[in-house]
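Written out below as structure tokens is the structure these notes cover.
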Amino acid sequence: MRNLHILRIAGVTAVIFAGNFLQAADYAAPAGEHFPLIGAAGSILPGGRFIKPVGTQIETGPEPSALAVSPKGLVATADIGLEHHGITVIEPGIGRKPGTVSHLWARTGHGTVAERADPDWVGVAAGIAFDGEKAIWTSEGPSGRVRQIDAGNGDRRKLINLNAAGSHSSDAADLAYDTVHRLLYVADTANSRIAVIDTRKDRVVSSAALGPIVGKGTALSGLALSPDGSTLYAAMARGVAVIDVHDPLKPLIMETVPTGPPDFVLAGSDRVFVSVPADDTIRVISAADRKVLAQIPLAIPGLEKLRGIEPAGMAYDPLTKWLLVAETGINAVGVVDTETNRLIGHIPVGWMPNRLAIVADRVFVTDARGRGTGPYLRQPFLSLGEISGLHRGTVTTFIVPDANELARDTGVVMALNGFVPLPRAPAHPPSDIRHVVLIYRDTGSFDEVLGDVTKAGNGAVAASPPLARFGMSGVAIGARTQFSVKDAPITPNLHALARQWAFSDNFYVDDERGNDGAMRLADILDHFRKNGISVRNFEDGSGTAVPDQTRADRFIAALGKEYANGGALPQLLSIHLPNDRTGAPADHTPYPYAASFVEDNDLATGRIVEYLSHSPWWREMVVLIVQTDTEGSFD
């Protein structure tokens, strides 16, 4: 989706401080200035990269985030994204073709169309496991429940509540199933524990508390069970907990292997593989003595000092002895030779791959964003009482390539991502720019805020004035409680900035929700810090409960007190102004209308820029105003 984007100086990019680590070659987004485009054969993504997956694309529900395979090769995904939660089941095909696909939906809670699912099945989390060929276990997240459903029609078979064993406020996440002993291990992220369910008795029989070792609230991102069922591995905030489950009634936490924050753990008989997206590596742990045997870097030739491959789910192919790794950040599957512990190639798949599995010689990869979706239109559809069907993920399926095919596929991945160096010297940011201020607003599409700007200082603007509900002739809907207001100037400061400075109507953000954008921003700030860039982040995490005026007050006061009288201003300042997300309007508050939140945001933005324009740093500063996500309206 197009993102509101205003720059004080034209031509300055988000790598303004990249002089510390720019390479000798130059690189650019391969799509150039083309608009994003969603197509069956391939898509242009926000940011200018292409996707052109190999093999066959199978449509799932929104954001498939967990993947399971039955003993006979049935494939299922847990779809936890926007609009509609559920499970996609893919039946095995014949020969080189995948079989049939079915969708089992949970209740949405806001639709008017008749739904078949159990009334109490209202959520799906990133945990899924087969129990034979006809039943699927799935976790339900904050309800603290684990549900077994019929793989054919979605009917409930069993429902087990983690809170029934004396725990409270459980959050059921990843699952690992011991098919021999009929034991289901559940990551309870809210209570920092692993719950053990005896599926023959349908109840929790024990648990392993990780809190006393690593602290309550420890993030649990994945579970993996050793092939013999004797050891459970749990991915936590800073490493992997190793749990002896020989006696499932008395699980024993043996130790924690430090790896950095893992995303996924894959357990083999002699080795355990851990993906660490924070530094784009795969750690290899000895199953015997729990020592780190190797650290495999995933890096692009010529761009080794940069990160962003973001390794996630993994699968091992015993025939080739290859480890296949979902590379979320570059829309590919990485191939690691486990005999040499070396990355040997990449395979192009869909947008944001996160989990994968191998069935015989066929690979299945979950792509959270599939082919792409465009703006997040949930609110307009909900206002009509309908469920939007715009958001879909995909499963990319293909046959494991041979060495020649892998070489070809690797070249395709390099080209699709713009990793092929250009025959020109790299551009350098203006030498007089010493500080960047990043003002990141929360949500809202381009057209609903600046759609009424048809011409800017740098040329004509591709916009849609009728959609500018928060523009200079905006509306404030009073519903049944008060008068509605029309032709109101909702965002005069943003419009003034757009008229005066560099302004882009062809700038995009690929995060659909605020949490996604916030996590990606945290990664960017961490990357700057690691490369010697001084950073000050004014994020307060309070959401719309605090006026953006208060945030602007704190920002201005901090700069005046700490830096205006000689203190060294950090090279990068970032401040989050989230109130353009809007909230529930209420009489006798600063926000009588939903548009009041946007006005608050606009005034705070203008006040910050006004303060900076009179500061001693103004002549050596660039200001960027962007959105964190696309959770807005029509565009």
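The set of residues in segment 144-156 that are of a type in the set (S, T, N, Q) and either assigned to a strand (DSSP E or B) or under 19 Å from residue 207 (Cβ atoms) (or both) contains only 148. Can you pull out the residues in segment 125-150 that are farther than 17 Å from residue 197 by Cα and either free of Cβ contacts under 8 Å to residues at least 24 places away in the same chain or open to solvent by less than 10 Å² (accessible area, probe 1.4 Å) (or both)? Of everything in segment 125-150, those that are farther than 17 Å from residue 197 by Cα and either free of Cβ contacts under 8 Å to residues at least 24 places away in the same chain or open to solvent by less than 10 Å² (accessible area, probe 1.4 Å) (or both) turn out to be 134, 150.
The rows are residues; the columns are (1) exposed (fewer than 15 other Cβ atoms within 10 Å of the Cβ); (2) touching a Pro at 6+ places or on another chain (Cβ under 8 Å).
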site	(1), (2)
425	yes, no
437	no, no
442	no, yes
453	no, no
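In segment 162-185, which residue that is part of a loop (DSSP other than H, G, I, E, B) and under 25 Å from the mean Cα position of the chain (by Cα) is nearest to residue 65 (Cα to Cα)? Restricting to residues being part of a loop (DSSP other than H, G, I, E, B) and under 25 Å from the mean Cα position of the chain (by Cα), the top hit is 171. With respect to the conditions (1) aliphatic (A, V, I, L, M); (2) assigned to a loop (DSSP other than H, G, I, E, B); (3) touching a residue at least 60 places away in the same chain (Cβ under 8 Å); (4) open to solvent by 20 Å² or more (accessible area, probe 1.4 Å), residue 626 falls short on a single one, namely (2).
Here residue 232 passes the criteria (1) within 24 Å of residue 275 (Cα to Cα); (2) under 22 Å from the mean Cα position of the chain (by Cα) except the one numbered (2). Of the residues that sit in segment 333-360 and are in contact with a Ser or Thr (Cβ under 6 Å, 6 or more places away or on another chain) and among the hydrophobic types (A, V, I, L, M, F, W, C), which one is nearest to residue 81 (Cα to Cα)? Residue satisfying both the conditions and the ranking: 352. Restricting 159, 220 to those that are in a loop (DSSP other than H, G, I, E, B) and either farther than 22 Å from residue 267 by Cα or modelled with pLDDT under 95 (or both) reduces the list to 220. Screening the candidates 462, 479 for the property of being over 30 Å from residue 522 (Cβ atoms) and open to solvent by less than 70 Å² (accessible area, probe 1.4 Å) yields one hit, 462. Give me the strands (runs of 3 or more DSSP E) completely within segment 252-318, filtered to those with at least 2 residues that are modelled with pLDDT of 95 or more and in contact with a Ser or Thr (Cβ under 8 Å, 6 or more places away or on another chain), ordered by residue number. It comes to 264-267, 271-276, 281-286, 292-297, 311-317. Of all positions in segment 365-373, at least one carries a residue that is of a type in the set (Val, Ile, Thr), open to solvent by less than 10 Å² (accessible area, probe 1.4 Å), under 19 Å from residue 61 (Cα atoms) and outside any loop (DSSP other than H, G, I, E, B). Residue count for segment 267-303 satisfying the condition of being touching a Leu at 6+ places or on another chain (Cβ under 9 Å), open to solvent by less than 70 Å² (accessible area, probe 1.4 Å) and not hydroxyl-bearing (Ser, Thr, Tyr): 14. Within segment 471-488, residues that are of a type in the set (Asp, Glu) have Cβ atoms under 9 Å from residues that are surrounded by 13 or more Cβ atoms within 10 Å (Cβ to Cβ) and outside any strand (DSSP E or B) in these pairs: 487/472; 487/473, counting only partners at least 6 apart in sequence or on another chain. Would you mind stating whether residue 22 is open to solvent by 60 Å² or more (accessible area, probe 1.4 Å), part of a loop (DSSP other than H, G, I, E, B) and at pLDDT below 80? The answer is yes for residue 22. Scanning segment 242-251 for residues that are in a strand (DSSP E or B) and aliphatic (A, V, I, L, M) turns up 242, 243.
The values are calculated or read from the model by the stated rules, or taken from the named source; none is laboratory data. As the structure is a prediction and not an experimental result, all values here were calculated from the model. Cβ: placed from backbone, ideal geometry, glycine included. Neighbour counts: every protein chain shown. Remember, those area values only see protein heavy atoms, side chains included, never the ligands or the DNA or RNA. Shrake-Rupley method; radii C 1.70, N 1.55, O 1.52, S 1.80 Å.
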